[in-house]
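The values are calculated or read from the model by the stated rules, or taken from the named source; none is laboratory data. Here the structure is a predicted model, which is why all the values come from computation and not from measurement. A quick note on method: Cβ atoms are made from the backbone with ideal geometry, for glycine too, and the neighbour counts reach across all protein chains shown.
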Amino acid sequence: MVAARAHHSAEHLGEQAIWSALFSVPDPEIPAVSIVDLGIVRDVTTRQVTLTPTYTGCPATLVIEQMVRAALDEAGFGEVEIRTILSPPWTTDWISEEGKAKLLAYGIAPPVPAGSREVGCPQCGSIRTEEISRFGSTPCKAQWRCTDCLEPFDLFKCH
Amino acid sequence: MPSLPPIRPEDEAVAKVRGNTGAFDAPPVAEEDRVRFDYLLRLGDDSLILGQRLSEYCGHAPSVEVDLSLANMGLDLIGQATHFLEYASKVEGAGRDGDALAFRRDVLDFRNCWLVEQPNGDFAQTMARQFLFSTWQKLLFGQLTASADEMIAAIAAKAVKEVTYHEELSAEWVIRLGDGTDESRRRMKEGLDWNWRFIPELFEMDEIAAEMTSRGIGADVGSFREEYDRKVRAVIEQATLEVPSDQRPILGGRRGHHSENLGHILAPMQYLQRTYPDATW
């Protein structure tokens, strides 16, 4: 009984250690946020880490896997498997509040709810903004412009 | 363009023994899986070929924003193709992976529809092709999210969100160009006319499609034909253009019968892997 509990807590500690290792892995396209903030890490056990791609054609998917592998090795979890799942599909709803705050501070407007066209300018906060292009510097972003401060900015698309 | 005769099985058999290291030598797979494999090739090849076509625009589009749009749509499509073809390779179980399927099959083994291999033409023709395809693909993937094949359902659910963008973006361009200047209007009309005769193939139900549907894996394309026609018509009317009249359809892409365009797409796409097999970064 005692041994079982000890084992359980070791497992728990292991998972915590893996989570914190993953928290240090930045998104290669938006290094201001970690892959945990973005909701790419779906599940962690001491045997397996489950990831999901943001976009089907996201070129960062492979890079992320390699970075996760390196982070796990460094934290002493070289035996942990990495698994990628497609279902349920990733959604911007999984970006944490902390992640959204980091995006904004980085100059990227966080995703707005589906259907909403009210996008705040990350520079001046104005909501008088307009879409320039449906696609931006990466597949997950659109190009917008603030009509008050005139700065162009990226909007993380709702997905 | 006249309708072409079908490829006779004996012609195909002759073509297939000529290769020595290419896809033509692939070992046979179990009958049940072969149907699923073929269906996955159709899904994957549509995305792969259109993705490759759009990539041709990289650095050549009329404006930076459009360049980004086309490259990103191409990327989405190649992402879909990667998932479908990787899965197809598992179903086939012949030891060739998704890359081998993309880069080492020959024209006769491609299962994409004719629409996606049509030349880019001018920007209007490209957008007309995209609109006609993405409108269809969105309805298709919408239905495939309920596929009895969990992997197909997962890929479709992932991709349908992206295709929604493709449909919106291309529909907006059809309207903007159609209801634009005399020149943009003429070009959009010509673009729609060019691509129109490839629509019927999207709704073709042959034995493979029918078997996949009856097993609950494939989509029943006929079930959304009316919805497709309605959507396409609504956009064309908003673009103040006339809906083109139906022409004699060209069929056969699903069985490996392609236009000369496909070879010209594959030549640059497959060059590296053909010349330096198994090359890696």
Filter result for B:Val116 (modelled with pLDDT of 95 or more and surrounded by 23 or more Cβ atoms within 10 Å (Cβ to Cβ)): yes
Of all residues making up segment A:113-143, the number that are surrounded by fewer than 21 Cβ atoms within 10 Å (Cβ to Cβ), assigned to a loop (DSSP other than H, G, I, E, B), aliphatic (A, V, I, L, M) and at pLDDT 85 or above: 1
Among residues of segment A:124-156, those that are touching a helix residue (DSSP H, G or I) at 6+ places or on another chain (Cβ under 7 Å) and touching a residue at least 40 places away in the same chain (Cβ under 8 Å), counted: 2
Residue tally, condition farther than 24 Å from A:Thr52 by Cβ and of a type in the set (A, V, I, L, M), over segment B:150-177: 5
Check on B:Leu85, crowded, with 24+ Cβ neighbours inside 10 Å and in contact (Cβ under 8 Å) with a residue 24 or more places away in the chain: yes
Residue match in segment B:39-52 (condition: in a helix (DSSP H, G or I), out of contact with any strand residue (DSSP E or B) (no Cβ under 7 Å at 6 or more places or on another chain) and hydroxyl-bearing (Ser, Thr, Tyr)): yes
Top-ranked residue of segment A:14-55 - restricted to ones that are more than 15 Å from the chain's Cα centre (by Cα) and among the hydroxyl-bearing types (Ser, Thr, Tyr), ranked as surrounded by the most Cβ atoms within 10 Å (Cβ to Cβ): A:Thr46
Considering residues of segment B:62-73 that are in contact (Cβ under 8 Å) with a residue 24 or more places away in the chain and either within 17 Å of A:Thr138 (Cβ to Cβ) or surrounded by 20 or more Cβ atoms within 10 Å (Cβ to Cβ) (or both) only, the residue nearest to the other protein chains (Cβ to nearest Cβ): B:Ser69
Matching residues in segment B:96-117 - criterion: being touching a Ser or Thr at 6+ places or on another chain (Cβ under 9 Å), not charged (D, E, K, R) and not in a helix (DSSP H, G or I): B:Asn112
Segments classed as helices (runs of 4 or more DSSP H), wholly inside segment B:128-211, with at least 1 members that are within 14 Å of chain A (Cβ to nearest Cβ) and either surrounded by fewer than 20 Cβ atoms within 10 Å (Cβ to Cβ) or among the hydrophobic types (A, V, I, L, M, F, W, C) (or both): B:150-178
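Looking at A:Asp73, A:Asp37, A:Asp43, which one is charged (D, E, K, R) and assigned to a helix (DSSP H, G or I)? Give the derivation first.
On the way: A:Asp37 fails: assigned to a helix (DSSP H, G or I); A:Asp43 fails: assigned to a helix (DSSP H, G or I).
Sole residue among the options that is charged (D, E, K, R) and assigned to a helix (DSSP H, G or I): A:Asp73.
Here is a check on your reading of the model: is A:Cys146 surrounded by 20 or more Cβ atoms within 10 Å (Cβ to Cβ), over 18 Å from B:Lys158 (Cα atoms) and outside the structural domain of A:Ser20 (by TED's automatic domain parsing)?
Working: surrounded by 20 or more Cβ atoms within 10 Å (Cβ to Cβ): yes; over 18 Å from B:Lys158 (Cα atoms): yes; outside the structural domain of A:Ser20 (by TED's automatic domain parsing): yes.
So A:Cys146 passes the test.
Can you go through A:Thr46, A:Thr84, A:Thr56 and tell me which one is over 30 Å from B:Met73 (Cα atoms) and modelled with pLDDT under 95? Step through it out loud before you land on a result.
Values: A:Thr84 fails: over 30 Å from B:Met73 (Cα atoms); A:Thr56 fails: over 30 Å from B:Met73 (Cα atoms).
From the options A:Thr46, A:Thr84, A:Thr56, the qualifying one is A:Thr46.
Of the residues B:Arg225, B:Arg254, which single one is surrounded by 15 or more Cβ atoms within 10 Å (Cβ to Cβ), touching a Cys at 6+ places or on another chain (Cβ under 8 Å) and assigned to a helix (DSSP H, G or I)?
B:Arg254
Residue under question is B:Asp246, and the condition is that it be within 18 Å of B:Arg104 (Cβ to Cβ) and assigned to a loop (DSSP other than H, G, I, E, B); does it hold? Explain how you work it out, then say what you get.
Details: within 18 Å of B:Arg104 (Cβ to Cβ): no; assigned to a loop (DSSP other than H, G, I, E, B): yes.
Considered against the rule, which asks whether it is within 18 Å of B:Arg104 (Cβ to Cβ) and assigned to a loop (DSSP other than H, G, I, E, B), B:Asp246 comes out as no.
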Residue within segment A:95-115 that is under 24 Å from B:Met73 (Cβ atoms), free of Cβ contacts under 8 Å to residues at least 12 places away in the same chain and within 14 Å of chain B (Cβ to nearest Cβ) present: yes
